[in-house]
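Nothing in this text is a laboratory measurement; each read-out follows from the coordinates by a stated rule. Computed from a predicted structure; not experimentally measured. Note that we place each Cβ from the backbone using ideal geometry, even for glycine, and neighbour counts take in every protein chain shown.
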Amino acid sequence: MAVLIRPAAPPDVPVIATFIRDLARFEQLEHLVDLDEARLREHLFGPVPACGALLAVADGRAVGFALFFQTYSTFRTQSCLHLEDLFVQPEHRGRGIGLALLRAVAAIAVARGCPRLDWQVLDWNVGAIGFYEQQGAHLLRDWRVCRLEGDALANCARSPADR
């Protein structure tokens with residue numbers, strides 16, 4: 001089966017939204033999804049895109065996607081790329097589609113002159129961890145993701161006098 005990796009286009013937003021929901025279900029994080037297709041379309045294809053996406057197409061239909069965005073390294077004083085999502089439908093896994101998507105995102109990072117490509121993986125997803133390590137990725141065991149959201153984010157943004 002031949003797989004085509006191509007940039008996403010505005011008509012692809014509904015399928016990307018479906019993949020995001022499918023990924024959230026796989027990661028057992030569906031309860032965190034607040035997906036708005038109009039916002040996603042604006043962020044991917046608006047006048048100042050916040051992110052980019054690639055689709056994997058097999059037999060004329062999308063079977064996976066990768067979503068990425070630009071970051072910045074002060075230590076390197078260069079833009080970098082962050083892979084936010086990489087997802088292949090379960091029935092299409094094991095055929096090299098995830099690798100093709102990862103390589104395509106890596107090629108974008110190289111073309112943009114980025115010194116690195118970063119992403120996260122859940123610690124229980126041993127299949128993905130093994131796959132990434134086979135590609136030469138190393139897990140940064142000293143680093144932990146920190147996140148402020150909701151009330152905690154709003155509280156942090158307020159001055160101490162306003163709390």
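Numbers at a glance
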| item | result |
| --- | --- |
| Count - residues of the range 33-55 that are over 26 Å from residue 115 (Cβ atoms) and surrounded by 10 or more Cβ atoms within 10 Å (Cβ to Cβ) | 11 |
| Those residues of the range 73-98 which are surrounded by fewer than 15 Cβ atoms within 10 Å (Cβ to Cβ) and in a helix (DSSP H, G or I), in sequence order | 90, 91 |
| The range 125-163, residues that are within 18 Å of the chain's Cα centre (by Cα), surrounded by 10 or more Cβ atoms within 10 Å (Cβ to Cβ) and either part of a loop (DSSP other than H, G, I, E, B) or among the acidic types (Asp, Glu) (or both) | 125, 133, 135, 137, 139 |
| The range 108-117 - residue that is aliphatic (A, V, I, L, M) and either outside any helix (DSSP H, G or I) or within 15 Å of the chain's Cα centre (by Cα) (or both) and, of those, nearest to residue 64 (Cα to Cα) | 108 |
| Members of the range 3-32 found to be over 20 Å from residue 60 (Cα atoms) and surrounded by fewer than 12 Cβ atoms within 10 Å (Cβ to Cβ), listed by number | 25, 28, 29, 31, 32 |
| Count of the range 99-115 residues which are surrounded by 14 or more Cβ atoms within 10 Å (Cβ to Cβ) and more than 29 Å from residue 1 (Cα to Cα) | 2 |
